[in-house]
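Written out below as structure tokens is the structure these notes cover.
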Amino acid sequence: MSVTVFAPETEARFARARCVADAVLFEGCALHPYRRPTAEHPLRRQVGLLVPPGRSTRGEEEYDFQHTECLMEPGPDATLAVELRFLRARRRTVLRAHADGTFTAVPELRLGDRVLAARDEGTVERVEALATVAELVEGDGVTVDFARPAVQDSEPVLDEDGRGAGMLVRRCEEIHGTLRLSARRLDGPFRLMRLTAVVENTSRWAPADEEAAGRSPVLARSLVATHLLLGLSDGSFLSMTDAPEWARDAIASCRNLHTWPVLAGADGRADVVLSSPVILGDHPAVTPEPPGTPYPLVAADGALTPDGVRAATGAAPAEGFPDEYGIAQPGGGPEPTGGPAPGPLPDQVLVAGRPVRAGSRVRLHPGLRRTDAQDLFLRGRTATVESVLHDVDGSVHLAVTVEDDPGADIRRAQGSFLYFRTDEVAPLEDES
């Protein structure tokens, strides 16, 4: 086994899946216009969050690992390329400069038409591995330990007259993790194998006062929006939802915890898998960029189908997605442990005993999981629910537009929404 930079052909095969993952996981939602990758991603809708061991938050669907299993038919000399991708939290602190040369941390710094706010940002991290099928089968398979050191940098802030007004300080905390890969041959006439990929956050952190530590230090030592790209140099993967009859029992025995693998190869090929914490169908795709528009759009029409990224918005379910997944209402639900793929998802959810669906009006109460200064301005505002979305752990997210927002119609046309969990909203009393 070796850890290296992928060859150009591997990079090309992963490009499509990366684009989907950027749009769905890094930018926030399947129905969001995809923005070209940037160095910084504000951390808001934090799916795929792997927290440090022992820091799983009570009452929230957060864990310190992901466990992926899928079936593959590799060629005799096949090599498996694996790319682990996640956002690493970076805290941006805003300091105000004083005449005596000292600095004070402030929530925001206003400079003319600019407002610099303290917030958590995310930078993209990659862990790459190549392994032959023989290495995957031998013993316990392949283990890749990775680490990122703590990093801090600063940037002076100047006012309109070019004088020092403050400082931006960005800091990343040290993180550690492990990627475990293994494969086992299955009985039968075909060269069928079960591939297992486990991602763990192994960061060592024990604050003296856990209650005082708060949410931000946990995020700083977490892997955010964690997902895997798996690619075979020779051979193919089997669909978890449309496998041949002879492989159905083997598919049903696969265990997938806090993630779900789908085929993501270009042109319908089965040589690439994307394992994501958001429910997707096979071959999700980002649509070509329409002429004259600033963003390419993620394909989305409201149903779970094999040819695009989807969300539960009330449309009929796609053929081949049986109603056996068991998505629960807020408060938790069964983990995906293999078998049938996600079934038709409910287009409404109960909040405080009342149904909330597209068109419902709610009041916003961002919770402690939020780290964006913008939430200070959203607390108590009223909003309209645009759609109800679900992830693989049974969590429900509400896409909303804020009332009295002059750009609401544009945001709605683009599918650019804000996202809240059900415990961060309250149905308005005048809603039936």
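Here the condition is being buried (at least 21 other Cβ atoms within 10 Å of the Cβ) and touching a residue at least 40 places away in the same chain (Cβ under 8 Å); of Ala89, Ala118, it holds for Ala89 alone.
Looking across Leu229, Leu223, Leu238, one residue alone is within 20 Å of Gly177 (Cα to Cα), touching a helix residue (DSSP H, G or I) at 6+ places or on another chain (Cβ under 7 Å) and not acidic (Asp, Glu). It is Leu229. Taking the numbered list (1) touching a strand residue (DSSP E or B) at 6+ places or on another chain (Cβ under 6 Å); (2) surrounded by fewer than 17 Cβ atoms within 10 Å (Cβ to Cβ); (3) closer than 18 Å to Ser233 by Cα in turn, Leu130 passes all entries but (2). Would the stretch 77-86 turn up any residue that is on the phi < 0 side of the Ramachandran plot and outside any strand (DSSP E or B)? Within the stretch 77-86, one or more residues are on the phi < 0 side of the Ramachandran plot and outside any strand (DSSP E or B). Inspection of the stretch 38-61 finds no residue satisfying the criterion of being more than 14 Å from the chain's Cα centre (by Cα), open to solvent by less than 40 Å² (accessible area, probe 1.4 Å), of a type in the set (D, E, K, R) and at pLDDT 90 or above. Answer yes or no as to whether Val144 is surrounded by fewer than 20 Cβ atoms within 10 Å (Cβ to Cβ), part of a strand (DSSP E or B) and not basic (Lys, Arg). Considered against the rule, which asks whether it is surrounded by fewer than 20 Cβ atoms within 10 Å (Cβ to Cβ), part of a strand (DSSP E or B) and not basic (Lys, Arg), Val144 comes out as yes.
Report yes if some residue within the stretch 200-217 is under 23 Å from Leu80 (Cα atoms), modelled with pLDDT of 90 or more, of a type in the set (D, E, K, R) and more than 21 Å from the chain's Cα centre (by Cα); otherwise report no. No, the conditions are met nowhere in the stretch 200-217. Scanning the stretch 166-181 for residues that are surrounded by 20 or more Cβ atoms within 10 Å (Cβ to Cβ) and more than 19 Å from Ser222 (Cβ to Cβ), we see that the one that is modelled with the lowest pLDDT is Gly166. With respect to the stated conditions, Thr422 is of a type in the set (Ser, Thr, Tyr), at pLDDT 85 or above and more than 11 Å from Ser360 (Cα to Cα). For the stretch 93-105, the condition holds for no residue, the condition being that it is outside any strand (DSSP E or B) and open to solvent by less than 20 Å² (accessible area, probe 1.4 Å). Scanning the stretch 376-414 for residues that are touching a helix residue (DSSP H, G or I) at 6+ places or on another chain (Cβ under 9 Å) and modelled with pLDDT under 80 gives a single hit, Ser395. Among residues that are over 19 Å from the mean Cα position of the chain (by Cα) and not in a strand (DSSP E or B), Ala129 is not included.
The values are calculated or read from the model by the stated rules, or taken from the named source; none is laboratory data. Here the structure is a predicted model, which means the values were calculated and not measured. Cβ atoms come from the backbone with ideal geometry, glycine included; neighbour counts cover every protein chain shown. Note: accessible area is taken over every heavy atom of the protein model, side chains too, but ligands, DNA and RNA are not part of it. Shrake-Rupley method; radii C 1.70, N 1.55, O 1.52, S 1.80 Å.
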